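Data first, discussion second: the structure below is written as structure tokens.
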Amino acid sequence: MLTIEPTGQVLGATITGLDLAKPIPPGDFAAILQALGRYGVLRFPDQLLEPAALRDFSRRFGSIQASISKKFHDPEVPEVGILSNIVEDGQPIGIADAGQDWHTDMSYRDTMGFVNVLNAHKVPRRDGRVLGNTVFANMHAAYDALDESLKQRLKGATATHDFNKFWDGMRAKGSGRPPLTEEQRRQRPPSVHPVFLTHPITGRTVLYCNPGYAIRINELDVAESDRVLEILFAHQLEARFLYTHVWAERDLMVWDNIGTLHNAIPDYGPTEHRLMKRCQVLADRIFDPAFQQDVLHPQAAAE
């Protein structure tokens, strides 16, 4: 029996009563999607999926993005990426610095990101305290609280999102990431999206403009764009919009990249091991009215 328990905070709910390694009935999957729109960040405790099962569950939401580096993925199920600071035989087994700044995954693509599915295998601890929390920001609430004059000014405005901003920013902070090749840069050209976006599940407006990838509001000159972006970034990261998830082993998290931002906190050392397995799912279906009808309202579609 599926149950949904909200955190009572600005984001987050825990869902129990399902085995995500098994096929999910249409009505239960509709409930998951509706909860995703309402709560933004969903925790499924005590779920440790094999790579193929993690891929199959993630595919219910849309297509899975492949890695640009062609590294750090499951050898038999390449759709499943590995995030880890573990080193074996002198070589890292996963991406050590994934998500360590505020961003929205895949906003740099023409087809933006929809959900992340992240399964915790090892969680770092120090003196009994969990490390490596993930902090989320609610973009439904951020839009609702935005100054009305700024809402009117930016109505219909678009922003350019660039993959290079986050990657180069991580390198500037001392990341071990290599520079992108020209071919890799060609694979990730900038994209343009509305600053204010209608969420495909809730039908409400979200602020879709994140510090990790947004580089320019296209309808403003460069100086004014920079000024307004600073205002938007500061606003959306106010404490009233933030929710912190404290990880436990076997947590499977699904979060909505359209309605939230996130930041993985790197407060653990190289011997405090973290191991996560991930699928990044594109919004190639969720905006399709036929998909929404079939998946969000399966009973009506069957009539």
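Over all distinct Cα-Cα pairs of region 208-303, the Kirkwood formula returns a hydrodynamic radius of 17.5 Å.
At the listed q of 0.14, 0.16, 0.20, 0.21 Å⁻¹, the Debye profile of region 63-118, built from one uniform point per Cα, gives log10 I(q)/I(0) equal to -0.43, -0.56, -0.85, -0.93. May I ask you to list the residues of region 41-77 whose amide nitrogen lies under 14 Å from a point 7 Å from Cα along the Cα→beta-carbon direction of residue 294? Answer for this model: 60-63.
Restricting the calculation to Cα atoms, every distinct pair contributes to the Kirkwood radius of region 12-122, found to be 15.6 Å. In the assembled protein chains, residue 226 presents an accessible area of approximately 80 Å² (probe radius 1.4 Å). Using equal-weight Cα scatterers in the Debye expression, the normalised intensity of region 124-211 in log10 at q = 0.12 Å⁻¹ is -0.61. Cα centroid separation, region 81-121 to region 1-45: 22 Å. With no solvent and one point per C-alpha, what does the Debye sum give as log10 I(q)/I(0) for the chain at q = 0.09, 0.16 Å⁻¹? Taking Cα atoms of the chain as identical point scatterers yields -0.44, -1.46. Overall, the chain carries a charge dipole of about 240 debye about its Cα centre when +1 sits on the Cβ of Lys and Arg and -1 on the Cβ of Asp and Glu, all other atoms neutral.
The values are calculated or read from the model by the stated rules, or taken from the named source; none is laboratory data. Fair warning: this is a prediction, and the values are worked out from it, not measured in the lab. In this analysis, Cβ positions are derived from the backbone assuming ideal geometry, glycine residues included, and neighbour counts consider all displayed protein chains. Side chains included, ligands, DNA and RNA excluded: accessible areas come from the protein's heavy atoms. Shrake-Rupley method; radii C 1.70, N 1.55, O 1.52, S 1.80 Å.
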